[in-house]
Amino acid sequence: MGIGLTEEHVALAASVHGVAGRGADHAVLAGQGLLGLHLPETGGGQGYGLLELCVALEALGERRLCGAYLPTVLASAVLEWCGRAGSGPAEDFRVGLLRGLADGSLTAAVGLLPGCALGSAQADLFVVPDDDGGWAVLDRADVTAEPLEGVDPDRPLCSVTARAVPADRMLGPAPVRELAAVLLGADACGVAAWAVATAADHAKVREQFGRPIGQFQGVKHRVAGALVALEQARAAVWDAARALDEGTALPGDVHSEPGEAPLADKVRLADKAPLADEVRLAVGVAAVLAPDAAVRCAADAIQVLGGIGYTFEHDAHRYYRRALSGRMLAGDPGPWAEGVARLAVAGVRRRMEPDLPEEATSIRDAIRAEAASLRAQEQPARRARLAREGWMMPHLPRPWGRGATPLEQVIIHQEFRDLRRPNLGIAAWAVPSIVRYGTREQQERFLPGTFTGEIVWCQLFSEPGAGSDLAGLATKAVRVEGGWSLTGQKIWTSLAQYAHWGICLARTSPDRPKHDGISYFLVDMSSPGVTVRPLKEINGDEIFNEVFLDDVFVPDDLVVGAVDEGWRVARDTLSHERVALGDSWGPGSRHTDMATFIGRLPALRQAQWEQAGRLWAEGQGVSALGLRVTLSQLAGADPGAAPSVRKLLGMRHAQAISEFCWSLEPSDRYWSRMILATRAFTIGGGTTEVQLNIIAERALGLPRDP
């Protein structure tokens, strides 16, 4: 999945790939309309936005396009922004410059760092900072420009000094560095995409010690980790481009929480551009994540390629150079991260809601009326009705759910937020499997009571010798009259001491290998032979348990699915487990909790502000990934690796948030507890290592372990 999600964006990316693959120069790109994708037709453009430009930049970055494209489209984006903001040169003159930049007759360079501009010293236009904190657009005759040698010999850089700044060339406080950070971020995603694909392709065919190196977990996890960084960067750049396209705000349009000092006095971003705070936040997140992701992915590609990657003849070093250059030009991630943290602590939030089609209005009206009716009822009547009318898991088919489409599910989620539908716990994983594979009698016996809370479930899957590797489970089920006798030990069983029923895997045909010969049982936890022993966890809680099954009788009518085909049912359960865990990172472990906590503390040191900003960026990146998954589902598209990536990032992020908050205030009882509790997050529902294997094998096609 690239930056673009829609069919149109995917087609655009494919078209740009084709153009770039044929060795397109600046004139060809102009002829294809790629220099003016983001510009209005009155400015000689195609009438799209920055998001479409980022889609093209990612595709061109993957081909490592050289030349004037990036600084030229950046300069035109700045001029277009000035026109919308009502600043800059006279309109006729500005439109003339836009047309020249769009048709390729003008090229540009943009001064992003002191003494360093992105673009050639022979450019026609130079966007440079002035002495008053604003920007100006100057002709070549108005500046002194000299070529600079950078780490990337294929990316033109120059030093530029303005000889004079005519008043009619002033742009005012334009968001040049913010626009640059997003466009360079899109280019960085292309660099990272090439690096991930190249490393994966090499790992599939390069053999050492008699097998492909992609089979070695160290290599597999390195490449999967690079893909995770890439997907998070894509989500951040996508969201920042959307934010910039959504609009700008006049100077002074800032948001502060009641009692807060004016945000303008608190925020120090790379540029004092008059952007809405929500836009600043999204841009800052992209600036923190994307350039670093490109450097990381390019370096990992060289590592996987080994000596081949370190040779001058291979392109790997050129992509690494491009990544380093892009990160330098985007600006030090530290100040960007500090700015992100200060915005977040001041109460600024990025809206992460999908834009819904027109048909959503009538659907919302009906669902809103149902929600209002439910809201007027008291518990337990409300829960009974939630269960009876299929609101607990609306995606399930009727009568257990509402057969809700993805669009209806989104609207139900939005309209039912304050209703606080009860958490089904383990049942949220078990119910879909019973609906899909259970008999009608099983469904009618268990599902109504589960939805009303009368039946609590636990999951009897893991064993002392079979955790993530459930193919190695040893619990056996022996055929007896009228059913089965189960014997074995289960462990890490959450809430087993409170559960009425358990979903259990046991081996019914021990002579069949691995996942074959396993059956899926529903076990009455009050049955003779069931012994539950709580396990005290590192934080003092007793949520996990070990469960001993000693000749526990389970009748035939409590086998879900066919005998010996329980792994098929279990995979369905585990898929729901991973989605559920990825959607809920655990209480008090999000970036928003961190911001609230920091707001109550004395002043942080700059290094702590920067660390907080990086953590916020990671959390917002995970949220953006979730929104992208939702949008893909609404469009009926395959979200690819994004759900697994989001689960992996969410679990690690929860741990990092807890560790950071605890380090700020070690005496805080809540965070002292959370730093211990979150250790379980990267174990339950598939360990980090298992998730990396899944990503590497399913998303990148690396060979499975032998």
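Each helix, a run of at least 4 DSSP H residues, gives -39500 (n - 2.57); summed and divided by the residues of the chain, these come to -16000 deg cm²/dmol at 222 nm. Residues whose amide H lies under 5 Å from that of ALA108, counting only those 5 or more places away or on a different chain, are THR72, ASP124, LEU125; hydrogens are built 1.01 Å from N in the peptide plane. Surface composition of segment 427-503: carbon and sulfur atoms hold 52% of the protein heavy-atom accessible area at a 1.4 Å probe. Find how many whole Å separate the alpha carbon centroid of segment 408-422 from the alpha carbon centroid of segment 635-687. Spelled out, the Cα-based centre of one part sits 24 Å from the other.
Near the amide H of LEU171, within less than 5 Å, lie the amide hydrogens of TRP135, ALA136, VAL137, all on another chain or at least 5 residues away, with H placed in the peptide plane. A Cα-only calculation for segment 299-387 places Rg and Dmax at 26.5, 72 Å. Exposed loop positions in the chain were taken to be GluC sites (Glu not before Pro) whose DSSP state is not H, G, I, E or B and which have at most 11 other beta-carbon atoms within 10 angstrom. Between these positions, the longest stretch is 482-706. The translational diffusion coefficient of segment 363-476, from Stokes-Einstein at 4 °C and 1.567 mPa s with a Kirkwood hydrodynamic radius over alpha carbon pairs, comes to 83 µm²/s. Computed from point charges on the beta carbon alone (+1 for Lys and Arg, -1 for Asp and Glu), the dipole magnitude for the chain about its Cα centre is near 1300 Debye. Counting every pair of alpha carbons in segment 480-571, the share spaced more than 20 Å apart comes to 38 percent. Remark on LEU39: its backbone amide H falls under 5 Å from those of GLN46, GLY47, TYR48, a criterion applied only to residues 5 or more positions apart or on other chains, H modelled at 1.01 Å from N. Any idea how many Lys pairs in the chain come in under 19 angstrom at the alpha carbon, given 8 or more places apart or on separate chains? Count of close lysine pairs: 6.
If I fit a long axis through the Cα atoms of helix 440-452 and take the longest principal axis of the Cα atoms of the chain, what angle between them do I get, 0 to 90°, rounded to 10? Between helix and principal axis, roughly 60 degrees.
Karplus-derived 3J(HN,Hα) values for segment 612-620, using 6.51 cos²θ - 1.76 cosθ + 1.60 with θ = phi - 60°, are 4, x, 5, 5, 4, 4, 4, x, 5 Hz; glycine and proline are entered as x. Evaluated on segment 601-676, the Kirkwood hydrodynamic radius is 14.0 Å, with distances taken between all distinct Cα atoms. At each listed q (0.28, 0.29 Å⁻¹), what is the log10 of I(q)/I(0) that the Debye formula gives for segment 420-465 modelled as equal alpha-carbon point scatterers? With no solvent term, the Cα-only Debye profile gives -1.07, -1.12.
Ratio of Rg to Rh for segment 643-706: 1.15 [Cα atoms; Kirkwood radius as inverse mean 1/r over pairs]. Global size of segment 3-77: 11.2, 30 Å for Rg and Dmax (C-alpha atoms, Rg to one decimal, Dmax whole). Surface composition of segment 315-358: carbon and sulfur make up 45 percent of the accessible area, probe 1.4 Å.
Name the trypsin sites (Lys or Arg not before Pro) in segment 421-529 that are in a loop by DSSP and that have at most 11 other C-beta atoms within 10 Å, would you?
Details: sites: ARG436, ARG440, ARG445, LYS476, ARG479, LYS490, ARG507, LYS514; in loops: LYS514.
When the trypsin sites (Lys or Arg not before Pro) of segment 421-529 are filtered for loop state and at most 11 Cβ neighbours within 10 Å, LYS514 remain.
Globularity index of the chain is 1.07 (Cα radius of gyration / 2.2 N^0.38 Å, N = number of residues). Once the Cα atoms are used to define both axes, helix 50-62 deviates from the longest principal axis of the chain by about 90 degrees. Of all DSSP bridge pairs formed entirely within the chain, close to 85 percent run antiparallel. Specify the inter-centroid distance of segment 91-108 and segment 23-47, based on alpha-carbon positions, in whole Å. Their Cα centres are 11 Å away from one another.
Leaving out ligands and nucleic acids, note down the accessible area per residue over the chain with a 1.4 angstrom probe, in whole Å².
Ligands and nucleic acids excluded, the result is 42 Å² per residue.
Taking the accessible area of segment 120-197, probe 1.4 Å, and keeping the other protein chains in place, the carbon and sulfur fraction comes to 51%. Legend: P(r) of segment 347-396 from all alpha carbon pair distances, 5 Å bins from 0, whole percents, reading 5, 15, 18, 19, 17, 14, 10, 2. The length gained on full extension between GLN303 and SER362, counted as 0.36 nm times the residue separation minus their Cα-Cα distance, comes to 15.8 nm.
For segment 538-687, the C-alpha radius of gyration divided by 2.2 N^0.38 Å, with N the number of residues, is 1.33.
The values are calculated or read from the model by the stated rules, or taken from the named source; none is laboratory data. This one's a predicted model, so the numbers in the text were calculated from it and none came from an experiment. Here Cβ is always computed from backbone atoms with ideal geometry, including for glycine, and neighbour counts include all displayed protein chains. Heads up: the accessible areas ignore ligands, DNA and RNA and are worked out on the full protein's heavy atoms, side chains in. Shrake-Rupley method; radii C 1.70, N 1.55, O 1.52, S 1.80 Å.
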